[in-house]
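A short reminder: the numbers here are calculations on the coordinates, not readings from a lab. Just so we're clear, the structure is a prediction, and the values are computed from it rather than from any experiment. Cβ coordinates were reconstructed from backbone atoms using ideal geometry, including for glycine residues, and neighbour counts include every protein chain displayed.
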Amino acid sequence: MTLWERTVKEATPAQLRLAGQIAVEKSWANTTDRAARTRPAREAFFARFEREVDPESKLEPAERRRRAEHAMKSYMAALRLRAMKAARLRSEDKALRREDKAKGLNVDLIDDAIHLEDESWLTARGRGDSSWPRPLAVSHTGHQRRKP
């Protein structure tokens, strides 16, 4: 086993992330022309939209490019819309968490239940709380919450 393999095997996820970040920063520090380095990725990204608007390559290159630019703008606007929606949902979720804490509900238990598919697992968990498990309810943010 090489030193690198042993290091990776023994490293924590946080250490691996930090090692990756160090490598990335060194790489960018040694890059003289950032635009040239990222050009292939930008071109491949744009080619996606060109294939989307003209899958059979029947359009003139200028028309294909014009349409692809609009398709890309549409895609970016949709991403912004999704980001805005996610931010709103996070904000609403934080408000719901504050309400739950104010009611004395244990939000950590709610977090544990978010990813559960089988509620029978909840009953076997043995929290020692006689009210456990409270029934789950899906909030308007899509997360499972405990009914008060």
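Observations, loosely collected:
- The set of residues from segment 8-46 being out of contact with any helix residue (DSSP H, G or I) (no Cβ under 8 Å at 6 or more places or on another chain) and β-branched (Val, Ile, Thr) comprises 12, 22, 24, 32, 38.
- Answer residue from segment 64-108, given it is in contact (Cβ under 8 Å) with a residue 40 or more places away in the chain and acidic (Asp, Glu) and is farthest from residue 50 (Cα to Cα) among those: 100
- Counted residues, segment 25-40 - those being surrounded by 10 or more Cβ atoms within 10 Å (Cβ to Cβ) and β-branched (Val, Ile, Thr): 2
- Helices (runs of 4 or more DSSP H) completely within segment 1-83 that count 1 or more residues being under 21 Å from the mean Cα position of the chain (by Cα) and of a type in the set (Phe, Trp, Tyr): 34-53
- Failed item in (1) of a type outside the set (Val, Ile, Thr); (2) without any contact (Cβ under 8 Å) to a residue 12 or more places away in the chain; (3) on the phi < 0 side of the Ramachandran plot, with residue 52 passing the rest: (2)
- The residues of segment 1-15 that are surrounded by 10 or more Cβ atoms within 10 Å (Cβ to Cβ) and among the charged types (D, E, K, R) amount to a single one, 6.
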